[in-house]
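Before any comments, here is the structure.
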Amino acid sequence: MPLRLVLADDHLVLRQALRALLERRGLEVVADEPDGQAAVAAVQRLAPDVAILDVAMPVLNGVDAAREIQRIAPDCTVILLSGVDDARFVREALKAGVRGFVQKSQGADDLVHAIEEVRDGRLYVSPGASQAIVDVCATTEKEEGSHLTPRERQVLQLVGEGKSTKQIAEVLHISVKTAEFHRGRLMKKLNVHDTANLVRYAIREGWITP
């Protein structure tokens, strides 16, 4: 029985190309989704073996989607796709339970190999991302404690996507007052005082793409 996969990437052409390549190699893609929130819903609905998620996606980025997937479907293994050699997301991804890191510059054979490795219980790291893993392992606990909480990062991403406080509340299924609280706490923690600087921070840290 072939492994069942969910793909998530906001670039339609890339998503369709990945689906075709993986299906030609005998894998079953049960869903391909344009954002992290849709990927989480697909995993909950279809119970795939593996979820392959782009790091930077609308509504819910790959790291936060991975965390939700591990919460609702712990048997589903998560692989992250990254467009750049970027250490910034690795620490949070490992904490979220991600087991594979593949760069988009790699070939389809490498992605298939990554799928096989993670389903056998091993961690797969592409050569370009291996130094990022080493760097993360070398960081101190003090540095780790300076990062945003998952909820603060979700709010940051949605602010960066131009959503109002009311829209953020709707997406996250929280009250407007709670959304305002998270936004205020986020700005205080980052020592920024306007939306433009929040957006610049989100782009600089790689949580959204300009």
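The values are calculated or read from the model by the stated rules, or taken from the named source; none is laboratory data. Everything quoted here is computed from the prediction, not taken from an experiment. Glycine gets a Cβ as well: all are built from the backbone with ideal geometry, and neighbour counts include every protein chain shown.
Could you list, in sequence order, the residues of the stretch 88-120 that are of a type in the set (Gly, Ala, Ser) and within 18 Å of the chain's Cα centre (by Cα)?
93, 96, 97, 100, 105, 114
Exactly one of (1) of a type in the set (A, V, I, L, M); (2) farther than 19 Å from residue 104 by Cβ; (3) out of contact with any strand residue (DSSP E or B) (no Cβ under 6 Å at 6 or more places or on another chain) is unmet by residue 14. Its number?
Every condition holds for residue 14 apart from (2).
Of all residues in the stretch 1-25, which are in a loop (DSSP other than H, G, I, E, B) and closer than 17 Å to residue 161 by Cβ?
Selection gives 9, 10, 11.
Out of the residues in the stretch 17-39 meeting the condition of being touching a strand residue (DSSP E or B) at 6+ places or on another chain (Cβ under 9 Å) and within 11 Å of residue 57 (Cα to Cα), tell me which one is surrounded by the fewest Cβ atoms within 10 Å (Cβ to Cβ).
34
From the list 71, 24, 45, 91, which residue is among the basic types (Lys, Arg) and touching a residue at least 24 places away in the same chain (Cβ under 8 Å)?
Within the list 71, 24, 45, 91, the selection yields 91.
Those residues that are outside any helix (DSSP H, G or I) and exposed (fewer than 15 other Cβ atoms within 10 Å of the Cβ), I need them from the stretch 164-180; list them, please.
Correct list: 164, 173, 175.
Within the stretch 101-118, restricting attention to residues that are among the small types (Gly, Ala, Ser) and touching a residue at least 24 places away in the same chain (Cβ under 8 Å), which residue is surrounded by the most Cβ atoms within 10 Å (Cβ to Cβ)?
Looking at the filtered set, the residue picked out is 114.
Within the stretch 164-171, can one find any residue that is closer than 24 Å to residue 70 by Cβ and either modelled with pLDDT of 85 or more or touching a Cys at 6+ places or on another chain (Cβ under 6 Å) (or both)?
Checked the stretch 164-171: at least one residue is closer than 24 Å to residue 70 by Cβ and either modelled with pLDDT of 85 or more or touching a Cys at 6+ places or on another chain (Cβ under 6 Å) (or both).
Evaluate the stretch 125-143: report whether one residue or more is out of contact with any Gly (no Cβ under 7 Å at 6 or more places or on another chain), of a type in the set (A, V, I, L, M, F, W, C), at pLDDT 85 or above and assigned to a helix (DSSP H, G or I).
no
Taking residue 192 as the residue in question, decide whether it is in contact with a helix residue (DSSP H, G or I) (Cβ under 6 Å, 6 or more places away or on another chain), closer than 20 Å to residue 60 by Cβ, without any contact (Cβ under 8 Å) to a residue 12 or more places away in the chain and not basic (Lys, Arg).
Judged against the criteria, residue 192 is not a match.
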